[in-house]
Amino acid sequence: MAGRTARLVLLAGAAALASGSQGDREPVYRDCVHRCEERNCSGGALRHFRSRQPIYMSLTGWTCQDDCKYECMWVTVGLYLKEGHRVPQFHGKWPFSRFLFFQEPASAMASFLNGLASLVMLCRYHTSVPASSPMYPTCVAFAWLSGR
């Protein structure tokens, strides 16, 4: 019991020490997101946001809150640059300009190509390995999970 309690205390301590990226902790960013969400993400303002949001953004799951975080990230980056500071990370990532609904288009393309390669190799596996092979179901399951 004491060992379990000690592990929980250590875990809680580690969680308390862990914090978001520098940009996430910035009061300007937090205040901006809070004000933006209050102003734009409820009631009539939310309906207005949704009516002017491009269809590809809504279909891919971009929310009003996501848009507030994105816009406030650039406000904060502008202030950092104006003051001569280095650009901070936000949510563990460096700020990238959004292209269509991709905030990191190179990463999205790499993920797509990885999934495509996994699918091609799965098709090759299906045609060259008999389904009665002992590891066949395991390899197919692994291919589906890793190529997601």
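The values are calculated or read from the model by the stated rules, or taken from the named source; none is laboratory data. Quick caveat: nothing in here was measured; it's all calculated off a predicted structure. Positions of Cβ are backbone-derived with ideal geometry, glycine not excepted, and every protein chain shown enters the neighbour counts. When the accessible area is computed, the model is the full protein with side chains, heavy atoms only, and any ligands, DNA or RNA have been set aside. Shrake-Rupley method; radii C 1.70, N 1.55, O 1.52, S 1.80 Å.
Here are the numbers for the structure shown:
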read-out: Selection within the stretch 128-148 - of a type outside the set (Lys, Arg) and open to solvent by 70 Å² or more (accessible area, probe 1.4 Å); value: Ser128, Pro130, Ala131, Ser132, Pro134, Met135, Pro137, Thr138, Phe142, Trp144, Leu145
read-out: Subset of the stretch 44-86 (residues that are open to solvent by 60 Å² or more (accessible area, probe 1.4 Å) and farther than 26 Å from Arg25 by Cβ); value: Arg47, His48, Arg50, Ser51, Arg52, Ile55, Tyr56, Leu59, Thr60
read-out: Within the stretch 13-23, considering residues that are out of contact with any Ser or Thr (no Cβ under 7 Å at 6 or more places or on another chain), part of a helix (DSSP H, G or I) and surrounded by 10 or more Cβ atoms within 10 Å (Cβ to Cβ), the one modelled with the lowest pLDDT; value: Gly13
read-out: Residue that is modelled with pLDDT under 80 and surrounded by 12 or more Cβ atoms within 10 Å (Cβ to Cβ), where the choices are Glu37, Glu104, Glu26; value: Glu104
